[in-house]
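Input: a single structure, listed below in structure tokens.
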Amino acid sequence: MKKIIIIGGGIAGLAAAYRIQRKISEGADLECILLEGSGRFGGKIFTEKSDGFIIERGPDSFISQKPATIQLCKQLGLEDRLIGTNPGTPNTFVYTDGKLMTMPDGLSLMIPTKFLPFAMTSLFSLSGKIRMALDLFIPRKVGNSDESLASFVRRRMGEEALNKMAEPMLAGIYASDPEKMSIGSTFPMFVEIELKYRSLIIGMLARKKALLVSADTDVTMNTGKRPTTSYSLFMTLKEGLGEIVDAIIKKSPDVQFKSEAKVAALEKQNHGWHISLANGSECHADAVIIATPGSITKKIIKPIAPELAELFERIHYVSTATVTLGYKKEGFSHPLDGFGFVVPKAEGKSILACTWTSSKYPHRAPDGYVMLRCYLGGALHEEIAEKDAETIQTLVRNDLKEIMGIKETPVFCRVFKNHKANVQYHVNHSEIIDSIMENLKKFPGLFLVGSSYRGIGIPDCIHSGNQAAEATLEFLGAKSE
Ligand SMILES: Cc1cc2nc3c(=O)[nH]c(=O)nc-3n(C[C@H](O)[C@H](O)[C@H](O)COP(=O)(O)OP(=O)(O)OC[C@H]3O[C@@H](n4cnc5c(N)ncnc54)[C@H](O)[C@@H]3O)c2cc1C
């Protein structure tokens, strides 16, 4: 019987395990063990339930446009557990010049697709709006070299669009510095649109139209009716993202999930791989999937592949912190009439973004309470995420008082620090990954997955886990049909 070892029980490793389980359920003669270094599974996904509040320490949602998470949830029987954002008031605010201002309707990521709301908004100056509209006439970039998000946005839409939208919203998602982050590896859609349509505004409008047409065609061709299920852009599960982790473990009875099983070293043997654990135990595998963060993977592979490990030195990580606060609803000083706000660096605050969690998603706070979640740190404010929890809490409460006028004492305030947890996709990241994958060919039977490579979001990690499982099955001669 062939044996597969997966190192790391975050969502990428778990997705790989579940894909292998499905193959075993079809009759494949395989043994699969997942070794997780910590005492729990899920990695960055960590849901806590406390007094009726559902608190996410790390990610709080995933995007539905990339299908891997929804597909996995369907396979796990979790389709009925999926929830989208509340339909009511999907306003997002930007804190600018000392006040919260609504993002104009029709902004698709950062591209205006409706004229009137864009023309009327006071979020941008007149000269800023004219500069953004110049995107309609600016020629496309010559050559296909990668560039930073800042360089891309400055070139197409100007400095104001960069400072008020791209930096807090787009770089914010990646906790990254817009001057360093790769547009090609983080928002490849923008690069494709420029290539195809030249103008981002024209391209975004064309894509919107195409989506509407294809939705209509789909509806007419398949059923003649409107689809009964539609997903909002951001999705989660009724009891939080941890439901996916629990379901994978429950629905994979043939996979051995071992916690407190930190891998210390990996050695190539004539027939397969020898794995040594920090607790002194050892095991053998015919194929190994390493699903740890790149900073750990580098250490595991260094003795057998120093050249490969060297390439990992070029991938950087930054620290972030999330702070979740619950309040009594009665007498709460803010209407929470939206999904939350982002803060441009120029405003000089500690908070990068604040999600009004109980307004954005159902089931997050018990009746009579509201819940907020603030995001801090990242490449532009890393020193803040490294402060002690008490200082972080004070900084957050001061900011919330100033920005939203909240003076009430929270019923709870939980600070979660993510030390060097957020991988950074800098300019030319994809070249580094291409080199890593090329170099990896020297080690047949060894596969690398997770957020350090070709996608940070949960759907990307699940997709990479699925792909690694398929490649492993093929290597062992047990590929899925
Ligand atoms: C604060 C924060 C907020 C985020 N928000 C979102 C969001 O809202 N939506 C979204 O889509 N994405 C979000 N992300 C990104 C996403 O959560 C991660 O990219 C993804 O969960 C990473 O999954 P992974 O399996 O690659 O790695 P991880 O989750 O890091 O899992 C790696 C696992 O390997 C284990 N491990 C480490 N060393 C060893 C060893 N030596 N031996 C064995 N096991 C080991 C770890 O304990 C861990 O369990 C967020 C990330 C952070 C940090």
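Every read-out reported here was derived from the displayed coordinates using simple, explicitly stated rules and does not represent laboratory data. Quick caveat: nothing in here was measured; it's all calculated off a predicted structure. Virtual Cβ from ideal backbone geometry, glycine too; neighbours counted across all protein chains shown.
For the reader, a short list of remarks on this structure follows.
- Maximal additional length on extending the Lys329-Lys99 stretch stands at 80.5 nm, based on 0.36 nm per residue less the C-alpha distance.
- Of the chymotrypsin sites (Phe, Trp or Tyr not before Pro) found in segment 123-170, the ones in coil according to DSSP and having at most 13 other Cβ atoms within 10 Å of their Cβ are Phe137.
- Between helix 389-404 and the chain: long-axis angle, C-alpha atoms, 0 to 90°, nearest 10: 30 degrees
- Going by neighbour counts of Cβ atoms within 10 Å, the residues Trp356, Trp273 line up, fewest first, as Trp273, Trp356.
- Order of Thr394, Thr69 under a 10 Å beta carbon neighbour criterion, fewest first: Thr394, Thr69
- The trypsin sites (Lys or Arg not before Pro) found in segment 376-441 that occupy coil by DSSP, while having at most 12 further C-beta atoms within 10 Å, are Lys407, Lys441.
- By the count of other C-beta atoms within 10 Å, a proxy for reagent exposure, Glu192, Glu56 are ordered fewest to most as Glu192, Glu56.
- Per DSSP, loop GluC sites (Glu not before Pro) in segment 310-339 with at most 15 further Cβ within 10 Å: Glu313, Glu330
- Extension gain (nm, one decimal) between Lys302 and Leu126, 0.36 nm per residue minus Cα-Cα: 57.9 nm
- Nearest 10 degrees, 0 to 90: helix 188-197 Cα axis against the chain principal axis: 60 degrees
- Net length available on complete extension from Ser38 to Glu192 is 51.4 nm, with 0.36 nm assigned per residue and the Cα-Cα distance removed.
- The Lys141 and Glu431 beta-carbon pair, evaluated with R₀ = 22 Å, returns a calculated FRET efficiency of approximately 0.80.
- Working from label points 7 Å from Cα in the Cα-to-Cβ sense, the Tyr231 to Lys441 distance is 3.4 nm.
- For the chain, calculated [θ]222 nm from helices alone, where every DSSP H run of n ≥ 4 adds -39500 (n - 2.57): -10000 deg cm²/dmol
- Inter-site label distance for Gln75 and Arg314 at 7 Å from Cα along Cβ, in nm: 3.2 nm
- Debye equation applied to the C-alpha atoms of the chain, log10 I(q)/I(0) at 0.05, 0.08, 0.09, 0.14 Å⁻¹: -0.20, -0.52, -0.67, -1.50
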